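To start, the structure itself, in C-alpha cells.
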Amino acid sequence: MISASGNRAKGLITFRASCDEAAALGAEAIGRLRRLSSGALASRVGDVTLGSKSARVAANGSVRVTLRVSRRYRRALPRRGRVRLVLRAMDALGNQSAVSRFVRMR
C-alpha cells in the first residue's frame, strides 16, 4: 500500500496499492463506532466492517481504489477517528499476503 486518505463527510476512503506481479486485491475497512447500530456485526466490541471492495492490479502496476462508507456508519464514526484498512492480495498461484494500515478520517 502506497498511500491512503479518508474523508468522513463524504464517506470515502481512497488508497493506492502496487504489486510486483499480477494479483487480485481485496480491501476491507474496519472501524470503531461511537454506538453500535442495529444489525451491525462486530468482530470485537465496537468494531464494524464499514465497507469492502475488490480490484485487480497488473504486474509492476498500481491501482487506485475507493471504498464508500454507508451514511448510517458515517454518522456513527467519531470525529477524526481512525479506520483500519486491511488489504489482501492473491497472485495467480494462490499465494496470499495481507497488510493492515490505519487511516485517519478527516
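What to note about this one:
- Checked across the range 70-89, the condition of being modelled with pLDDT of 95 or more, touching a strand residue (DSSP E or B) at 6+ places or on another chain (Cβ under 8 Å), in a strand (DSSP E or B) and not hydrophobic (A, V, I, L, M, F, W, C) holds for at least one residue.
- Residue within the range 84-95 that is surrounded by 12 or more Cβ atoms within 10 Å (Cβ to Cβ) and free of Cβ contacts under 8 Å to residues at least 40 places away in the same chain present: no
The values are calculated or read from the model by the stated rules, or taken from the named source; none is laboratory data. Small disclaimer: the values here were computed from a predicted structure and weren't measured. Cβ coordinates were reconstructed from backbone atoms using ideal geometry, including for glycine residues, and neighbour counts include every protein chain displayed.
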